[in-house]
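The values are calculated or read from the model by the stated rules, or taken from the named source; none is laboratory data. Everything quoted here is computed from the prediction, not taken from an experiment. All Cβ positions, glycine included, derive from the backbone under ideal geometry; neighbour counts span all protein chains shown. What goes into the accessible areas is simple: the full protein's heavy atoms, side chains included, and nothing from ligands, DNA or RNA. Shrake-Rupley method; radii C 1.70, N 1.55, O 1.52, S 1.80 Å.
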Amino acid sequence: MRTVLITGGSRGIGAEAVRLFANAGCRVVLNYNASKEAAKALAAEFAGRVLPVRADVACRTEVEAMFRRAEAVFGGVDVLICNAGVAQQKLFTDLTEGEWRRMLDVHLTGAFHCCQCALPHMIRQRWGRIVTVSSMWGQVGGSCEAAYSAAKAGLIGLTKALAKEEGPSGVTVNCVAPGVIDTDMMAGFSEADRSALADETPVGALGTPRQVAEALLFLAGERAGYITGQVLGVNGGLVI
């Protein structure tokens, strides 16, 4: 039975990933930062197979403590899903240095911390899966989302470099780049805006967290053993 650690697992894509992996028979460490009640409620659905652990992935000591807790309860982490993230829409000229740093710290430095903590166990057993969650904006850039786009582009670079470095140890590293996904990050969008975004998407609809989570589950499985260093777009054809 594999142990999976999913950062940002209390809502949206992360929560759907927790459900899919748990239903597939995995032990799941559900990382959250602020959403304690949502994390506890989700874990309660799975009778001891899902362990909620609070940690700000931007903080190295908290990440290290999370991995120690995971190992004490479930053993070493076999699959790491780097999904934790924050969103912000703001003109580049209005960004503060603090906002810029927080975006990079959560998305990119958070993945750095988690990968460094997860890899020793994976390398020792010569098997592991790391999947990062970037964004189509990390591929093509988004207006008023410069910090977000830069952080997500950094995740793609990290993924490709780690795939080359860790391949000889039996560890694959891949990336999923979602498009416009119907999560609570879209709560501020009007129905007209949502409809316009759906119309711009070739398949004519917004994506669902479940569709992204299905891609994460596949890349973490045995059938994806010959896939590494890749960026899988789950975007309805919006970015090709």
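For this structure, a couple of remarks:
- Under the condition of being open to solvent by 10 Å² or more (accessible area, probe 1.4 Å), touching a Leu at 6+ places or on another chain (Cβ under 7 Å) and of a type in the set (A, V, I, L, M), the residues counted in the stretch 54-76 number 1.
Matching residues to (1) farther than 25 Å from Arg11 by Cα; (2) open to solvent by less than 30 Å² (accessible area, probe 1.4 Å):
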| residue | (1), (2) |
| --- | --- |
| Val79 | no, yes |
| Gln89 | no, no |
| Glu99 | no, no |
| His107 | no, yes |
| Arg124 | yes, no |
| Gly141 | no, no |
| Thr159 | no, yes |
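- Checked against the criterion of being crowded, with 17+ Cβ neighbours inside 10 Å, under 26 Å from Ala15 (Cβ atoms) and touching an Asp or Glu at 6+ places or on another chain (Cβ under 6 Å), the stretch 177-193 has no qualifying residue.
- Selection from the stretch 13-28 of residues that are in a strand (DSSP E or B) and within 20 Å of Val176 (Cα to Cα): Val28
- Residue match in the stretch 3-22 (condition: closer than 14 Å to Val77 by Cα and open to solvent by 10 Å² or more (accessible area, probe 1.4 Å)): no
- From Met66, Met1, residue being in contact with a strand residue (DSSP E or B) (Cβ under 7 Å, 6 or more places away or on another chain), more than 18 Å from Cys175 (Cβ to Cβ) and assigned to a loop (DSSP other than H, G, I, E, B): Met1
- Selection over the stretch 213-240 of residues that are part of a loop (DSSP other than H, G, I, E, B) and either within 14 Å of Thr172 (Cα to Cα) or in contact with a helix residue (DSSP H, G or I) (Cβ under 7 Å, 6 or more places away or on another chain) (or both) gives a count of 11.
- Flag if Thr172 is among the hydroxyl-bearing types (Ser, Thr, Tyr) and open to solvent by less than 30 Å² (accessible area, probe 1.4 Å): yes
- Phe46 fulfils the conditions (1) over 17 Å from the mean Cα position of the chain (by Cα); (2) assigned to a helix (DSSP H, G or I); (3) within 22 Å of Val131 (Cβ to Cβ) except for a single criterion, (2).
- Residues of the stretch 49-62 satisfying the condition of being part of a helix (DSSP H, G or I) and basic (Lys, Arg): Arg60
- Whether a residue is assigned to a loop (DSSP other than H, G, I, E, B), within 19 Å of the chain's Cα centre (by Cα) and among the small types (Gly, Ala, Ser) was assessed, and Gly204 does not pass this test.
- Hits in the stretch 152-186 - residues which are under 16 Å from Gln116 (Cα atoms) and not in a helix (DSSP H, G or I): Gly170, Val171, Thr172, Val173, Asn174
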